[in-house]
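The values are calculated or read from the model by the stated rules, or taken from the named source; none is laboratory data. Every value quoted in this text rests on a predicted model; they were computed, and no experiment measured them. Cβ placement follows ideal geometry from the backbone for every residue including glycine, while neighbour counts extend to all protein chains displayed.
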Amino acid sequence: MALTTRARPGQAGNMRNQPCVIEMAGGLAVGSGEVVGVCGPDARATLEAVCGERAGAPGTVLVAGADPYRERSRVLVGTLWADGGLYGELSLREVTGAWTRWSGRPFGPAARTALAALEGRSGVPYERLTQGERKLFDLALALLAEPDALVVDEPVTGLDGTEAAAVWAVLRALDLPVLVASRHPLGVMEADRIARSAWFPLAA
């Protein structure tokens, strides 16, 4: 079943003063400020469809009323994959400083939320951070461009209880739709809601 689009004529991107919603065929919807989990063997494929890396049949996935695969200029979805980044000796301060100089923009509220979780550790090289700190580092970078929505693959896999709690705290504090995925239900147990991985008809 295709979804009915709520796109606004002539709009070149999501209007940030209007709440963003992720909508998927089958009735699954994720609103701003909500963290929804999907689990199952095809969980990552669900994220790929939402962030525009996988094409589904037209209308089966919408983010802020736009098809993330066919209308990429109209919507931006932040992504954090399970394998994370490879920043070696670079610190968070160095990476974010380079981004600020390149973009000419200050950090938005979502990025500031994630960066605050690493207060006091921004000068430590990536490879010297703990597994949980690396996850927060990667999460902060995924939010720098102020995306309309965020997808996170295996948000707490491999983390201890304290590290996992810190990641969930940041995700819950974000004022945008967050879709998290794991192959196992335990990986998304702290989400506001949990659904089975969606199935999307492939594009013809």
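Note on the range 81-98: residues that are more than 25 Å from Thr162 (Cβ to Cβ) and out of contact with any Phe, Trp or Tyr (no Cβ under 9 Å at 6 or more places or on another chain) total 2.
When the residues of the range 167-183 are filtered to those that are buried (at least 19 other Cβ atoms within 10 Å of the Cβ) and small (Gly, Ala, Ser), the one that is farthest from the chain's Cα centre (by Cα) is Ser182.
From the list Ala145, Ala140, pick out the single residue that is under 30 Å from Thr60 (Cβ atoms), modelled with pLDDT under 95 and under 16 Å from the mean Cα position of the chain (by Cα).
Selected residue: Ala145, the only one of Ala145, Ala140 that is under 30 Å from Thr60 (Cβ atoms), modelled with pLDDT under 95 and under 16 Å from the mean Cα position of the chain (by Cα).
Beta carbons closer than 8 Å, at least 6 apart along the sequence or on distinct chains, pair a first residue in the range 97-117 that is loosely packed, with under 12 Cβ neighbours inside 10 Å with a second that is in a helix (DSSP H, G or I) for Pro106/Thr100.
Scanning for something among the basic types (Lys, Arg), within 13 Å of the chain's Cα centre (by Cα) and modelled with pLDDT of 85 or more, does the range 53-75 turn up at least one residue? Within the range 53-75, not a single residue is among the basic types (Lys, Arg), within 13 Å of the chain's Cα centre (by Cα) and modelled with pLDDT of 85 or more.
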